[in-house]
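The values are calculated or read from the model by the stated rules, or taken from the named source; none is laboratory data. If you're wondering where the values come from, they're calculated on a predicted model, not measured in any experiment. Glycine also receives a Cβ, built like all others from the backbone with ideal geometry; neighbour counts cover every protein chain displayed.
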Amino acid sequence: MRVLVTGGAGFIGSAVIRHLVLEKGYEVLNVDKLTYAGTLSSLKSVEGKPSYRFLKIDICDAAAIASAMSIFRPDRVMHLAAESHVDRSILGARQFVETNILGSFTMLECARAYWQDLPPRDRSRFRFLHVSTDEVYGSLGAKGLFTEATPYDPSSPYSASKAASDHLAKAWARTYGMPVVVSNCSNNYGPYHFPEKLIPLTILNALEGKPLPVYGNGANIRDWLYVEDHARALDLVAERGRVGETYNVGGRNERSNIDVVKRICKILDDLHAIGRPHENLIQFVADRPGHDVRYAIDATKLETELGWRAEESFETGIEKTVRWYLDNEWWWAPLRQGYDGRRLGLLKAGAG
Ligand code: NAD
Ligand code: TYD
């Protein structure tokens with residue numbers, strides 16, 4: 001099995017590649033532009049293997065993508081490359097439109113040309129997995145869950161750009177008969193997570209005795225999934241998901257942001273004596289514009305059709321994650337030099 005993974009130097013993409021190379025024994029080509037969020041050091045465990053290759057390519061570059069496909073000849077494309085941070089999308093949406101929409105369009109068009117020229121047996125085996133987010137569904141109130149039938153209602157430039165790319169992917173399946181499958185997953189956390197997102201930012205700020213910013217009143221709810229559970233789900237959906245279908249991925253682990261931050265503080269109180277109680281560092285700060293109140297995934301389809309289950313609960317996963325950051329300063333210290341955790345995504349006074 002030869003798998004072309006886009007965005008493989010990112011948080012989830014690197015977990016997918018480690019899974020495919022180390023657990024499944026697949027051949028993988030990682031195609032990544034190496035933006036600020038791309039970190040090849042996340043792939044240390046596979047970098048020397050003959051079954052792993054890397055090409056620094058922008059997914060908007062059709063000629064480079066077409067050439068990568070014709071040389072590598074993938075059986076499967078797993079498309080994860082994206083601009084992924086909501087707060088950055090508020091400050092500047094252009095890169096999100098370019099990479100998430102135009103880049104996905106380019107991936108679909110290049111894959112279509114490649115797939116159409118395959119011999120019939122390879123053509124029917126080929127799959128294009130478009131990896132997306134539950135944020136396309138918008139915000140839930142206190143009750144209910146996102147299902148695959150929930151109408152799209154994105155709030156942020158990030159989620160709007162992902163929604164657009166999902167529509168393109170599904171249109172390519174309907175119009176061209178391309179074997180596309182789409183997955184929509186809830187918030188991930190775990191090792192190798194860029195420290196701009198809530199969980200790694202909280203861990204590193206707490207370690208350094210810096211304030212822990214909680215947006216608004218901290219009551220917003222996210223449904224957390226350990227990244228390695230997501231990587232297994234993506235492999236399964238690409239392998240056995242029905243063509244043209246969408247699969248929601250989530251671990252049934254809803255937590256309010258303030259509970260997440262307090263849990264991290266408690267774990268650090270046990271593992272890292274300096275600065276305890278870490279909860280004293282919590283600061284409630286101005287809310288994010290357009291902040292979705294609650295996300296929660298109904299993963300019944302993935303569980304019943306494909307037999308997937310999340311292996312980590314939030315309790316086991318968050319403890320593993322905190323320990324990982326304590327043990328792997330070599331990975332995150334250089335990233336903190338480039339981005340020190342300052343607040344992103346606030347509109348200038350009067351502009352919003
Ligand atoms: P990430 O920001 O950690 O990594 C994105 C990767 O894509 C980086 O390696 C970056 O260099 C690369 N990239 C960006 N623009 C590119 C371009 N133009 N060409 C080639 N490579 C480019 O993101 P992530 O958290 O790993 O998310 C991966 C995918 O999963 C995204 O599509 C995201 O929308 C989706 N997703 C993320 C989450 C989450 O909680 N992080 C949840 C559900 C879905
Ligand atoms: P984030 O990790 O940015 O993921 P997403 O916006 O894609 O869900 O944020 C998770 C939640 O945490 C979200 O409700 C915003 C909130 N948040 C904070 O309260 N403080 C922070 O410093 C960050 C980055 C996020």
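Six or more apart or on different chains, Cβ atoms under 8 Å: show the pairs whose first residue is in the stretch 9-30 and more than 11 Å from ligand 1 (Cβ to nearest atom) and whose second is of a type in the set (Phe, Trp, Tyr) and outside any helix (DSSP H, G or I).
Correct list of pairs: LEU20/TYR26; VAL21/TYR52; GLU27/TYR52; VAL28/TYR52; LEU29/PHE54.
Tell me the helices (runs of 4 or more DSSP H) entirely within the stretch 204-307 that contain at least 3 residues that are over 30 Å from VAL77 (Cβ atoms) and within 16 Å of ligand 2 (Cβ to nearest atom).
Answer list for the stretch 204-307: 257-271.
For the list (1) more than 16 Å from ligand 2 (Cβ to nearest atom); (2) among the aromatic types (Phe, Trp, Tyr); (3) in a helix (DSSP H, G or I), I need the number of the one condition that TYR325 fails.
(1)
Can you list the helices (runs of 4 or more DSSP H) lying wholly within the stretch 72-130 that have 3 or more residues being more than 16 Å from ALA238 (Cα to Cα) and either of a type in the set (A, V, I, L, M) or in contact with a Lys or Arg (Cβ under 9 Å, 6 or more places away or on another chain) (or both)?
86-91, 104-116
Here is a check on your reading of the model: is GLY177 on the phi > 0 side of the Ramachandran plot and either buried (at least 16 other Cβ atoms within 10 Å of the Cβ) or within 16 Å of ligand 2 (Cβ to nearest atom) (or both)?
no
Could you tell me whether the stretch 42-65 includes any residue that is away from ligand 2 (no atom under 16 Å from the Cβ), closer than 23 Å to PRO120 by Cα and in a helix (DSSP H, G or I)?
yes
Starting from the stretch 223-249, take each residue that is surrounded by fewer than 20 Cβ atoms within 10 Å (Cβ to Cβ) and list its partners that are of a type in the set (A, V, I, L, M, F, W, C) and in a helix (DSSP H, G or I), counting only C-beta distances under 9 angstrom and pairs at least six apart or across chains.
Going by the 9 Å Cβ cut-off, the qualifying pairs are LEU236/LEU302; LEU236/LEU306; GLU239/LEU306; ARG240/LEU306; VAL243/ALA173; GLY244/ALA173; GLU245/ALA173; GLU245/VAL237.
If you check ASP340, ASP298, ASP292, which single one turns out to be within 22 Å of the chain's Cα centre (by Cα) and at pLDDT below 95?
ASP340
Within the stretch 97-116, does at least one residue satisfy the condition of being aliphatic (A, V, I, L, M) and more than 27 Å from PHE72 (Cα to Cα)?
Yes, the conditions are met somewhere in the stretch 97-116.
Yes or no: ARG53 away from ligand 1 (no atom under 14 Å from the Cβ) and free of Cβ contacts under 8 Å to residues at least 40 places away in the same chain?
Considered against the rule, which asks whether it is away from ligand 1 (no atom under 14 Å from the Cβ) and free of Cβ contacts under 8 Å to residues at least 40 places away in the same chain, ARG53 comes out as yes.
Would you be able to say whether some residue in the stretch 181-195 is under 19 Å from ALA37 (Cβ atoms), in a strand (DSSP E or B), touching a Phe, Trp or Tyr at 6+ places or on another chain (Cβ under 6 Å) and touching a residue at least 40 places away in the same chain (Cβ under 8 Å)?
yes
Residues are listed down the side, and each one gets a yes or a no for (1) basic (Lys, Arg); (2) within 16 Å of SER165 (Cα to Cα); (3) buried (at least 23 other Cβ atoms within 10 Å of the Cβ):
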{"position": "VAL3", "(1), (2), (3)": "no, no, yes"}
{"position": "SER14", "(1), (2), (3)": "no, no, yes"}
{"position": "GLY38", "(1), (2), (3)": "no, no, no"}
{"position": "LYS49", "(1), (2), (3)": "yes, no, no"}
{"position": "ILE59", "(1), (2), (3)": "no, yes, yes"}
{"position": "ALA81", "(1), (2), (3)": "no, yes, yes"}
{"position": "SER89", "(1), (2), (3)": "no, yes, yes"}
{"position": "ARG94", "(1), (2), (3)": "yes, yes, no"}
